[in-house]
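The values are calculated or read from the model by the stated rules, or taken from the named source; none is laboratory data. Every value quoted in this text rests on a predicted model; they were computed, and no experiment measured them. For neighbour counting, all protein chains shown are included, and Cβ atoms are generated from backbone atoms with ideal geometry for every residue, glycine included.
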């Protein structure tokens, strides 16, 4: 039985205590990198709820309709074009078992803020040009190349940060303390990084790069009608149906993934937004100054400029070759 105890208080808040359906060893063998199936999930939460494990650990906290519509829409309008860019950088979360990133399925998942790995093109340019970098941290393309659009996303991110502080204060306090130690963060938040996913059904995984003491903060923005796509903890047999305006604060170090999304409208989109702190961004940059960050980012951008120039030259050469055939 997944639900050990269920109570509802006078304000209508439901509290669940849940137990594991299978052991950790069984979960690693049978669930990891597989897709969540409806048969794995006994209960889908659609109301305000707190979910605890039987040993008293907070697994998830879900609240309905607590995000401003204006900020939600502004985020969607300004980020959606970027979020629709196909990528192969999610590895096992796509269900892929290959270690070669280029062989991973192309899905619409992207990041902005700061990240703890250089892009493949950056690595090549840095190596060839002998650019010495003291640490492997970079600002992402969206906030670097589209600062005006990035600025318009911040109100919603600030809303999420404030709600995180309210609804998961113990986790927030520890994460915020780390965020204060580095300038490589989303301004005035406890987050270094934002991941956007469009219609992406993640396989069962844990978020290994996130702050082990922090939580993942999940928000969904719908465009068009669809069914499914619930965020689930299959080891506990429970899922959450997050929709526009809702916020889910969750332990992303527990196995989780999505049920399949079933479009009702042909072009339905489910944009999910995950806000978190990358542990390596913090570890590699704690104690650094804003001046250091500015100098570091400037150096990396020179490598990006070279990469873009080389890419354009290659494109022009290919176009000339096709014309001469």
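Tabulated data for the structure shown
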quantity	calculated
Exclusive hit being touching a residue at least 40 places away in the same chain (Cβ under 8 Å), more than 19 Å from residue 71 (Cα to Cα) and surrounded by fewer than 16 Cβ atoms within 10 Å (Cβ to Cβ), set 265, 210, 251	265
Residue in segment 140-173 that is surrounded by the fewest Cβ atoms within 10 Å (Cβ to Cβ), counting only those that are under 16 Å from the mean Cα position of the chain (by Cα) and farther than 21 Å from residue 72 by Cα	141
Verdict on residue 243 being within 15 Å of residue 201 (Cβ to Cβ), modelled with pLDDT of 95 or more and surrounded by fewer than 23 Cβ atoms within 10 Å (Cβ to Cβ)	no
Single residue of 123, 176 found to be surrounded by 16 or more Cβ atoms within 10 Å (Cβ to Cβ), more than 20 Å from residue 62 (Cβ to Cβ) and more than 16 Å from the chain's Cα centre (by Cα)	176
Hey, residue 238 closer than 24 Å to residue 278 by Cβ, crowded, with 23+ Cβ neighbours inside 10 Å and in contact with a strand residue (DSSP E or B) (Cβ under 6 Å, 6 or more places away or on another chain) or not	no
Matching residues, segment 52-71, being crowded, with 17+ Cβ neighbours inside 10 Å, touching a strand residue (DSSP E or B) at 6+ places or on another chain (Cβ under 7 Å) and over 14 Å from residue 217 (Cα atoms)	52, 53
Residue 128 being over 18 Å from the mean Cα position of the chain (by Cα), surrounded by fewer than 21 Cβ atoms within 10 Å (Cβ to Cβ) and modelled with pLDDT under 95	yes
Residues that are within 14 Å of residue 194 (Cβ to Cβ) and surrounded by fewer than 18 Cβ atoms within 10 Å (Cβ to Cβ), drawn from segment 72-84	80
Meets criteria (surrounded by fewer than 20 Cβ atoms within 10 Å (Cβ to Cβ), modelled with pLDDT of 95 or more and within 30 Å of residue 120 (Cβ to Cβ)) for residue 289	yes
Wholly within segment 1-83, strands (runs of 3 or more DSSP E) carrying at least 1 residues that are free of Cβ contacts under 8 Å to residues at least 12 places away in the same chain and over 19 Å from the mean Cα position of the chain (by Cα)	3-8
